[in-house]
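Laboratory data are not the source of any read-out in this text; all were calculated from the coordinates shown. Note that the structure is predicted; figures quoted are calculated from it, not measured. Here the Cβ positions follow ideal geometry from the backbone for every residue, glycine too, while neighbour counts run over all protein chains shown.
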């Protein structure tokens with residue numbers, strides 16, 4: 001029996017992670033065959049500014065995975081998390097096709113196609129994911145799965161996750177220049193959510209907040225489906241910069257202070273100054289998150305709380321600070337589908353591990369076959385295995 005192996009490239013502003021993974025025999029988790037992390041070059045706030053430099057660093061990352069795993073790294077699932085990412089929700093309606101009036105798979109396909117924005121509406125955007133959020137029959141019965149229900153008309157609320165074309169094409173081009181074909185492009189916020197949220201959180205409603213070096217990724221999941229995604233142009237590097245300026249120290253020293261809270265001068269005044277600097281920048285980040293939650297009607301209304309990941313989630317006390325600021329339960333994330341204590345349970349790996357899990361979900365879906373152009377044509381199935 002052929003091994004079910006997926007490979008992932010996760011490109012951040014600070015580092016590039018690459019890994020190869022497969023399902024365990026027990027199907028209760030994943031086995032990491034090889035992983036690597038290298039410093040990023042050629043990327044600024046998630047956007048490519050030097051394709052040549054980025055391709056070189058991607059090649060270095062995948063070659064290290066090849067050495068660990070002994071498996072050629074020629075294709076991969078690629079995460080994508082930049083401010084170019086966005087979403088829209090559209091309602092559509094079609095007449096049920098069968099004479100019996102019973103909803104079938106063809107009707108689902110038709111109503112989703114009807115909801116799809118026209119090329120004029122998309123305007124330089126690419127649809128990465130399509131989710132049927134909710135369905136109703138004759139404007140009366142609301143449900144997640146309408147197959148087999150009788151009526152005259154089928155209505156749907158459909159969510160489209162999109163990206164601006166140019167940033168997406170640039171990052172894909174850089175990876176392909178490194179000799180790696182793209183199996184699929186996975187929005188980074190959804191990857192983090194797949195890795196870190198429990199089934200109860202996904203059902204009740206929860207958010208994952210991935211605080212990277214130059215961006216903050218947000219995914220809101222409710223009733224096992226994405227409710228919203230957003231990426232904000234602030235990150236942990238902004239805290240580091242503020243500390244460097246405030247204490248007149250190097251960026252490396254400022255990074256150390258940020259993560260350890262150890263100051264050159266261990267005085268009450270210095271500690272208070274550091275607290276004020278870090279809290280001011282964290283408040284800026286969380287205000288963006290809170291405003292977004294308010295906009296989508298989920299401010300203070302996510303029983304599953306907020307799960308924190310990314311390099312800056314290691315800041316001491318950030319979970320408690322987030323809880324107070326967002327008025328929601330908040331905890332540090334960890335991936336339960338990896339063995340306890342595994343080094344890739346570190347929150348900086350959440351997006352890469354989540355992308356591997358999504359890739360394995362897709363590989364296990366019988367209706368989908370691997371294709372280097374899958375990202376251009378897909379309707380996402382990564383959550384189907386999670387829906388009861």
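Ordered by the number of other Cβ atoms lying within 10 Å of each residue's own Cβ, fewest first, 320, 177 fall into the sequence 320, 177. Rounded to the nearest 0.05, the FRET efficiency derived from the C-beta distance between residue 44 and residue 252 at R0 = 22 Å is 0.70. Compute the angle between helix 251-260 and the longest alpha-carbon principal axis of the chain, please, reported from 0 to 90 degrees and rounded to the nearest 10. Orientation of helix 251-260: about 70 degrees from the principal axis. Note on the chain: with a GNM built from Cα contacts shorter than 10 Å, the maximum mean-square fluctuation among 191, 95, 356 falls on 95. Residue order for 143, 278, fewest other beta carbons within 10 angstrom first, comes to 143, 278.
Against the chain, whose longest principal axis is taken from its Cα atoms, helix 268-295 shows a tilt of about 10°.
Considering only 62, 94, 306, the Gaussian network model of the chain with Cα springs below 10 Å gives its largest mean-square fluctuation to 94.
Sorting 204-212, 48-56 by average packing, meaning the other beta carbons within 10 Å per residue, from highest down gives 204-212, 48-56. Based on DSSP H segments of at least four residues, each scored -39500 (n - 2.57), the chain has a per-residue ellipticity at 222 nm of -11000 deg cm²/dmol.
Compute the helix-to-body angle for 105-115: its Cα long axis versus the longest principal axis of the chain, expressed 0 to 90° and rounded to tens. Between the helix axis and the principal axis of the chain, the angle is about 60 degrees.
Rounded to the nearest 5, what % of the DSSP beta bridges within the range 216-332 are antiparallel ones? Counting only bridges with both partners in the range 216-332, antiparallel ones make up about 70 percent. In plain terms, the C-alpha convex hull of the range 1-98 casts an average shadow of 11.0 nm² when viewed from every direction.
Say we join alpha carbon atoms closer than 10 Å with springs in a Gaussian network model of the chain; which of 299, 201, 269 then has the biggest fluctuation? Looking only at 299, 201, 269, the biggest GNM fluctuation is shown by 269.
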